[in-house]
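Below: the structure, in structure tokens.
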Amino acid sequence: MASRHVAVDILTGFLGSGKTTLLKHVLEHGLKGKPVALIVNEIGDVGIDGKVVTGLNYVEKMVELSSGCICCSIDEYRFDLAIQEIVETVKPHLIIIESTGLADPEPLAYRVKSAGLHLDAIITVVDAENVERFVGETEVAGFQIAAADFLVVNKMDLVTPADVVRVKKKLTRLNPRALQLESVRGAIDADVLFATDVAGHRDRARDPRASSHHLAHDAFGSFIYRSSAALDQKGFEHVIENLPPDVIRAKGIVRLVDRDWHCLFNVTCGRSEIGWLKLSDDHSENQAVFIGRHLDRHRTAILAALAACERSGSEAG
Amino acid sequence: MDPNEKKPVAPEPAKPPTPPSSTEGYTPEEEEEVQKRLEDLGYI
């Protein structure tokens, strides 16, 4: 079913960290024109967080799950029903799930994958002023940090530069893989958090003349890989599972040797996923975009590693 | 939920090593929709 190809971003963070503020900012300043659905999980009868974002008219559908924590008390059946309803009625390209402040994102990520959806990223918002105390007092705050692909360090205006250094060191100890981004009142410049952000980088990589201003803005670069030969699966998996940490995101669709189905891959901060698509033979070209920092140091090696996976027609046959 | 409760343990999801065995693809209409999705999400 075509509409099952939906990307899911999980937005998490401890109580009061600023998840909804970040979500509101991102929805107001990005993602426009893309079919986005929200699942907002608030414990209790009244979904306060849900009310804050309801007025955004470019959000196609919002579902509130307000009778329990999405990670531990909402059963799989009910979760799947909510997902199914959204997918069938809205046909979103992206679903954003905002969890409660007390949810562990790992079981939720598992449910997303079990529902046949594609997990794009786990985004954890951190309260710079209070994160050390929360991590000391509750296990779940640490779980949220450890599970993240992106750590948004929010409330930067409330801490001193020395606090920032200390907090970031602690976050790195808890999760060395995640990309840390700074934020004040949910405002964040970098457009790498959500699945739909990749398209902008892809477009700029295709037209470098349009990219100079943007690169100065967020210091992220991007490049494109294209080829027509089928790739050796083992070699390709090795390449995407061993990308340098400077590569924040990589996405693409490739043909693999001896496979009728196209391979859809996604790498977010070192976590790689592969999916499969049965498309017509018109889609014979491999296409991928790589986004990150200092890519001039890595571009040649990554492209060479991918080229080494290419097999000619006789080799592939 | 008590924040001090033990972490719920999720089973490790199986990694799909091979594509599905079905040979059925999309209808032209579905393929058009998939194409738009892949473009929106930056795959192609």
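Laboratory data are not the source of any read-out in this text; all were calculated from the coordinates shown. On a predicted model such as this, the values are computed, not experimentally measured, just so you know. Heads up, the Cβs are rebuilt from the backbone with ideal geometry, glycines too, and the neighbour counts pull from every protein chain shown.
Taking R0 as 41 Å, what FRET efficiency do you get between A:LYS91 and A:ASP296 from their Cβ-Cβ distance, rounded to the nearest 0.05?
Numbers: r = 39 Å, r/R0 = 0.95.
For R0 = 41 Å, the calculated efficiency reads 0.55.
Ignore the peptide's own chain and count Cβ atoms of other chains within 10 Å of each Cβ in B:27-38; give me the average, rounded.
5
Please give the contour-minus-distance gain from A:ASP80 to A:ASN242: 0.36 nm per residue of separation, less the Cα-Cα distance, rounded to one decimal in nm.
Full extension of this stretch gives 55.0 nm more.
Give the span of segment A:82-168's Cα atoms along each principal axis, as three whole-Å numbers ordered largest to smallest.
The principal-axis extents, from largest down, are 49, 24, 17 Å.
Report the FRET efficiency, 1/(1 + (r/R0)^6), for A:ARG185 and A:ALA162, where r is their Cβ-Cβ distance and R0 is 22 Å, rounded to 0.05.
So the FRET efficiency works out to roughly 0.55.
For peptide A:282-288, what's the mean number of Cβ atoms from other chains within 10 Å of each residue's Cβ?
Across A:282-288, the average partner-chain Cβ count within 10 Å equals 2.
No solvent, one uniform scatterer per C-alpha: report log10 I(q)/I(0) for segment A:196-316 via the Debye equation at q = 0.13 1/Å, two decimals.
The Debye formula, applied to the Cα set alone, gives -0.50.
Multiplying the sequence separation of A:ASP282 and A:ARG133 by 0.36 nm and subtracting their Cα-Cα distance, what value in nm do you get?
So the extension gain works out to 48.1 nm.
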